[in-house]
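Worksheet: the structure to be examined is printed underneath.
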Amino acid sequence: MRGLKENTVLGLAGWPHLAAWVIVSIWAPHAYASEPRVLVLSESAPHAAERSFFPALQIQLAGVAEPVRAAAPAADGAGERIERAGDLVRANGALAAVWTERGRAGDPVVLYVVGEREGRALVVVVRVPGARGPDLERTLALKVREFVDEVGRSRARGIDAALVVPKPAPAPENRPVEAPEEPLPLAAASEPGPGVPESAPAPHWGALAVAGAKLGSQPGVGLGRWGLGFGVGPELAWDRARFAVVLSIDVFPETEATRDGDHVFYSELMLAGLLRAELRPGRLAFGAQLGLARAGVYADARTRGNQPGDADPAVLAFVASGDLALPINDTLSAAVNVELQTLADRLTLAVNGTELVDFGYVRARLGISLVFRPFK
């Protein structure tokens, strides 16, 4: 009986804990659902930086609003995207919709925040400079938190006219919506941007360095000579195009040619000045180079009678090449290259009147290289 009584008393003492658990279980989902939602718009396959933006929002909006992923609506231009984002906000009863536009590494990230209050749109466009990384994502999330906090204060004191712009008028059928001329940023946001980013950013200077292996052709031998290629030069870059002046050097180590007991050992060094152009319509980049080169051959000969000889011929060459590059990261790319060389004069190496090596008039080079751009 004593044991039963003790169990009964302990059971009764546990009732308050059980009741508290039931109350929390019922109340917590409603409390969480009562938080206003912020729609985070992204493409179907968001960039890695956009994926890191969402966790930063979760941290900064904890206890204030709930970030929810949503697909970015298809739109022609920033104005139509802002209008459709406002439609999403109204349809989902959300506090705001946010998204980012990111250019090259080092360029400012443009943050868009679109909300609504009593049928009127709140549009914020802020350019946030800074290097890619967690600090930038945290700064972007803080800008959204400032918007959420300001809207909360506005609800308490009424709409602040300085923060409100009229909702964009619906566009006529088959006519794209123009972006707002001067979107009004939040007064609390630091260093607000001037508005929608330009489609053609200003060019900037950089540099490139190239290093790789080359496979060279030779009449009578075919693709039978391996060498190394290096290049460096300044570069002027736009968003989708680059132009550069490249100084290059190709080195083909010593090789041997033999005929009827005669031997010749020869190597080659080519110095070139090239004009380079590159287009980057998507992830891949297509490049072309034109220029002049000086091909120098350094040879030692040994006759069948063991008599030595040497020669150092050189010739000018016209060089044309094309390449295809795939980026590895923000500063490094891998490229494949096809090059044609036209020699101004025919180069040959002969021993005792017997021709052992013919460099021909037209030669081909196949290459694979790494392209390094330290300044983006």
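When every Cα-Cα distance of segment 217-270 is counted in 10 angstrom steps from zero, the calculated P(r) takes the values 18, 34, 22, 17, 7, 3 percent. The calculated FRET efficiency for VAL232 paired with THR348, based on their beta-carbon distance and R0 = 30 Å, is about 0.40.
If r is the Cβ-Cβ distance from ARG102 to LEU215 and R0 is 45 Å, what FRET efficiency results, to the nearest 0.05? Mind showing how you got there, number by number?
Numbers: r = 38 Å, r/R0 = 0.85.
My answer for the efficiency is 0.70.
Here each label is just a point 7 Å from Cα along the line to Cβ, and for VAL362 and ALA207 those points are 3.8 nm apart. Among the trypsin sites (Lys or Arg not before Pro) in segment 205-265, those located in a DSSP loop and surrounded by at most 14 other Cβ atoms within 10 Å of their own Cβ are ARG240.
With a Förster radius of 25 Å applied to the beta-carbon distance between ASP330 and ASP76, the computed FRET efficiency rounds to 0.30. Each label was represented as a point 7 Å from its Cα along the Cα-to-Cβ direction; for ARG304 and GLU43 these points are 6.8 nm apart. Taken over segment 204-372, the ratio of Cα radius of gyration to 2.2 N^0.38 Å equals 1.18.
Taking 0.36 nm per residue of separation and subtracting the current Cα-Cα distance, fully stretching the chain between ALA62 and HIS263 would add 64.4 nm.
Annotation for VAL251 and ASP312: the two label points, set 7 Å from Cα along the Cα-Cβ direction, are 1.7 nm apart.
FYI, it's all coordinate maths here, none of it is from the lab. Note that the structure is a prediction, hence the values are computed from the model and not measured. Every residue, glycine among them, receives a Cβ derived from its backbone with ideal geometry; neighbour counts consider all protein chains shown.
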